[in-house]
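Nothing in this text is a laboratory measurement; each read-out follows from the coordinates by a stated rule. Computed from a predicted model, the values in this text were never measured in an experiment. Positions of Cβ are generated from backbone atoms using ideal geometry, with glycine treated the same way; all protein chains shown enter the neighbour counts.
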Amino acid sequence: MAEQLRNKRVAALVENGFEQSELLEPKKALEDAGAKVDIVSPQSFRVKGWQHDDWGQGVSVDHHLESANADDYDALLLPGGVMNPDKLRMNPGAVRFVKSFVDAGKPIAAICHAPWTLIEAGAVKGRRMTSWPSLANDLRNAGAQWVDAECVVDNGLVTSRKPDDIPAFNRKMIEEFAEGQHAVGAGAARTSDVRR
């Protein structure tokens, strides 16, 4: 397992208010599998997490969003929390950054409220996905097929509902990130895997 993601670089895109467990636990799992994970943020120096119902710990920012280049990364991690993706989807630079991964067919893992940013990047139409339940209609309205499952994989896109789903999320995220780029475009074959 420690070598599964050797030489892979992963961007974790976060704003203040990211759900702490949804960044730190997947980040550790990726690093344990051999990946290098960079925290990319519109914030400089540090970005602050949210834990349950109050502010949590901060993490150091490795690359400011303005200077980060999606071409430097193999995959993208999008943690949830309510504030974090809500701020990111309103940031044109963050949306462009996410869209670069989508357009290149690079694997993306998004948990909880993180699919809000994917909606803004035009990345959910025709995709089978899950999320925090309050996003179900947002995703359906954007053209996704929403299912209530702990983890859903659709052609390199890994989604989960909440912190309780993190173990399944981490397993599938590592699998998809190890596979690398997926086919893009309307003709791309879709692979779907649902865990309930």
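If a residue has to be out of contact with any strand residue (DSSP E or B) (no Cβ under 8 Å at 6 or more places or on another chain) and in contact (Cβ under 8 Å) with a residue 40 or more places away in the chain to count, how many in the range 127-147 make the cut?
1
When you go through (1) touching a residue at least 60 places away in the same chain (Cβ under 8 Å); (2) crowded, with 22+ Cβ neighbours inside 10 Å one by one for ARG9, which number turns out not to apply?
Every condition holds for ARG9 apart from (2).
Would you mention how many residues in the range 33-47 are in a strand (DSSP E or B) and touching a helix residue (DSSP H, G or I) at 6+ places or on another chain (Cβ under 7 Å)? Quick ask: steps written out before the conclusion?
First pass over the range 33-47, keeping only residues in a strand (DSSP E or B): 36-41, 46-47.
Next, from what is left, pick out any that are touching a helix residue (DSSP H, G or I) at 6+ places or on another chain (Cβ under 7 Å): 37, 40-41.
Total meeting the criteria: 3.
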